[in-house]
Amino acid sequence: MTSLSSAGAPVVGVIMGSSSDWDVMQHAVNMLGDFGVPCEARVISAHRMPQDMAEYGAQAAARGLRGIIAGAGGAAHLPGMMAALTEVPVFGVPVPSKYLRGEDSLLSIVQMPKGVPVATFAIGEAGAANAALHVIANLATTDAVLREKLIAFRTRQTEAARAMRVPL
Ligand code: RP5
């Protein structure tokens, strides 16, 4: 087993373009918390705080981050720019937008040029939770305790689905 971090330092960064993204992005933070993965959550706007974004990307690897979950809505440039700024894997979450329901966010995040990947997830809460689960699955390849937790999570999920009934 590999220790996730020393002294609880964050291993995963959860960043978002606005505090208005928190309703969605909290599902990533909550999932990481459920698995005991140390994380941090910050607002870093690509358009309103470009210098902060560049600094975060430049320091990410040295700070020990092993994954960055980035959520944004509309012209959602934060995940792609973060992928351009660091070699730490970036997981993109399209946040539902006011006018185009997040389809704009999804296309902004997923259509990256060859060579600068962003692993892109579903629009909204499911995407945020699944981004966290994907980071966890990656960390679990070198962490036996985390792997056991992930297997237990999947088993509980399967049992819950098997217990589902329809009102007939
Ligand atoms: C994006 O613009 C943010 O990620 C957010 O989803 C969207 C709207 O931001 P606010 O106007 O609510 O701050 O940059």
Taking the chain and dividing mean pair separation by its residue count, relative contact order in percent (alpha carbons under 8 Å, at least six apart): 22
For region 49-80 and region 124-150, distance of Cα centres in Å: 19
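Within the chain, what is the longest stretch that has no trypsin sites (Lys or Arg not before Pro) placed in a DSSP loop and near at most 15 other beta-carbon atoms within 10 Å?
By the stated rule (loop sites, at most 15 other Cβ atoms within 10 Å), 115-164.
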Built amide H within the under 5 Å cut-off of THR120, gap 5+: GLY92
Extreme residue, positive dipole direction of the chain, given options SER105, GLN59, ILE15 (C-beta unit charges): SER105
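Coordinate-derived values only; no laboratory data. Nothing here was measured: the structure is a model prediction, and the numbers come from that model. Using ideal geometry, Cβ is built from the backbone for each residue, glycine included, and neighbour counts are taken over all protein chains shown.
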